[in-house]
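The block underneath contains the structure these notes are about, expressed in structure tokens.
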Amino acid sequence: HRCPPCRTPGCPPPHGSRPRGRPAGATHGGSMWQVGKRQASRAFSLYANIDILRPYFDVEPVQVRARLLESMIPVKMINFPQKIAGELYGPLMLVFTLVAILLHGMKTSDTIIREGTLMGTAIGTCFGYWLGVSSFMYFLAYLCNAQITMVQMLSLLGYGLFGHCITLLVTYNIHFHSLFYIFWLVVGGLSTLRMVAVLVSRTVGHTQRLILCGTLAALHMLFLLYLHFAYHKVVEGILDTLEGPNMPPFQRVARDIPVVSNAVLNTTAKAIALTL
């Protein structure tokens, strides 16, 4: 037995029926509101994740300049931990500067540039060294019980590349091996001594200091030798492997003016001369 529909005002609707006075699109509008709310929450969370990196790049240009100069001056006080800048703006700009210097060195040298770009190789080399060596040294510092964080290691090694940039920028334009060795020992050595002194001040134990600082000094100085002597040959070998040794070099050839254009110009000049 089914009850007839009740028409008394205020009576709740039967089970399974839609409430009176509510449009059919209200439910659809509510679902759209929930979807929009979720998308806004995702965008806000992404912005919050990006905002986490803001303190590492919030630095004044005057501070970056001072830290660049300090990266070439070894510290003398190693009895207490030396302060390391916990920012990544300066190191990141130095890595990009090193990339540009490597590309400049490839153009000024006798390296055959084949069709394609060398930007990826230079970026991979510089960022690979910065991130890879920083991670390895942080792991080694953890084993040697050194008081340093990953961000501080990235900052320390990044500012240490300032000596490499100066050395390569000068020696790529003045091709003398004796001049390179002088800059390698003086400029590269000063930046390496700065990093070594900071690590010594944050490490306890003679054996731990010797292992940590010796490894960093060897990697940093050898990397500069690699960039000056072996980087161009390695890039040439990679290009030969990927493209083949018989590929023609990438050259810019000046476009010749067609003969028809010359004839048209000559005819026009003669017509103007006759008119005058």
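Accessible area ranking (1.4 Å probe, heavy atoms, ligands and nucleic acids excluded), largest first, for H177, H104, H232: H177, H104, H232. Less than 5 angstrom separates the built amide H of G86 from none of the residues sequence-distant by 5 or more or on a different chain.
Along the range 206-219 the Karplus relation, 6.51 cos²θ - 1.76 cosθ + 1.60 evaluated at θ = phi - 60°, assigns HN-Hα couplings of 5, 5, 5, 5, 5, 5, 5, 6, x, 5, 5, 5, 5, 5 Hz to successive residues, with x for each Gly and Pro.
Computed with a 1.4 Å probe on the full set of protein chains, the accessible area for S178 sits at about 80 Å². Sequentially through the range 168-178, phi angles give Karplus couplings (6.51, -1.76, 1.60; θ = phi - 60°) of 6, 5, 6, 6, 6, 9, 10, 8, 9, 5, 5 Hz, Gly and Pro residues having no value and appearing as x.
Across the range 137-146, computed HN-Hα scalar couplings (Karplus, 6.51 cos²θ - 1.76 cosθ + 1.60, θ = phi - 60°) run 5, 5, 5, 5, 5, 5, 5, 8, 6, 8 Hz from first to last residue, x flagging Gly and Pro.
The values are calculated or read from the model by the stated rules, or taken from the named source; none is laboratory data. Note that this is a predicted model, so its numbers are computed, not measured. Ligands, DNA and RNA are stripped out before the accessible areas are found, and what is left, the full protein with its side chains, is counted by its heavy atoms. Shrake-Rupley method; radii C 1.70, N 1.55, O 1.52, S 1.80 Å.
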